[in-house]
Ligand code: PY5
């Protein structure tokens, strides 16, 4: 039995709800060999009476766009993918916080690198999930591995193959005792974390790298920019130098899995006084209130399941 089937009962696979044990692929699956897959990470938050999925439609739009960038067609509309997500959560009857992992991949189409006409498979799985990174804050290393540039691969796509870059970067950081890696882009400017976008605060001004720094255009990044601007902060999308990380008042990471995670140390040096900063904590609190539906100002970001 797959260890996953202890955490979930049903999976949505190619248009149908199937038993977890039957959500399988062959070892010669194209995507397993070449990383020819695109995926999403989405969270659903249980607030005691309903499960609200955060920015579900925006994630599915990115999934469809990722496939387009890699060069294949998902075969499902955004609306169908939204409905399928709700269907699979209902089938499992989850009444707790979940992580949702849709993936579209090239299936059994041979070993050619030409994916033209190869079969595309789509699955959506959801499972109970807690914290991804230490909620109190993380120690990061500026890794020696650079973020794959967008002139080599369309890095705007959340494509599986690109994650080898994140895997080696995080491996290096963890081996040396850090919690997370920050990758610089090919020019040497700050790109992002292994699975998160990066924000810094200097003199009350918030800044985050632009999409021209080979980053994934994060949904949480977009949400945080909106929230911060609504709170009256100035938010700049601009290149950030490595040295700015070392003199920033605050640094935080954003991502679906990581949510808003304070950075306490960079390369062994404390960020500010080494404790989570006030702006980081304020944004974290607002974000928490939004995803649980307490802050109704951003209610259109939530899709209730039940
Ligand atoms: N950058 C990278 C490389 C990412 O993998 C992610 C998300 C982000 C940025 C943030 O994007 P978003 O805010 O849209 O989530 N990472 C996934 C996640 O679910 C997978 C992490 C293992 O957070």
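Summarising the overall dimensions of the chain from its C-alpha atoms, the Rg and Dmax are 19.4, 56 angstrom. Note that the stretch 4-128 carries a Kirkwood radius of 14.9 Å, evaluated over its alpha carbons pair by pair. Between residue 34 and residue 111, the contour length at 0.36 nm per residue exceeds the alpha carbon distance by 26.8 nm.
Distance from the alpha carbon centroid of the stretch 187-241 to that of the stretch 73-91 works out to 30 angstrom.
Ellipsoid fit via the Cα gyration tensor, the stretch 138-291: semi-axes of 22, 18, 14 Å, each the root of five times an eigenvalue, largest first.
Calculated [222 nm] ellipticity per residue, helices only, for the chain: -8000 deg cm²/dmol; basis is -39500 (n - 2.57) per DSSP H run with n ≥ 4, divided by all residues, nearest 500. In plain terms, the chain from residue 7 to residue 237 could stretch by 78.9 nm, reckoned as 0.36 nm per residue minus the Cα-Cα distance.
Students often get this wrong: which residues of the stretch 93-133 have the backbone nitrogen under 19 Å from the point 7 angstrom along Cα-to-C-beta of residue 306? Residues 93-100, 126-130 qualify, since their backbone N sits under 19 Å from the label point.
Read-outs: derived from the displayed coordinates by stated rules, not from any lab. Model, not experiment: these values are computed from the prediction. Reconstructed Cβ throughout: ideal geometry from the backbone, glycine too, with neighbour counts over all protein chains shown.
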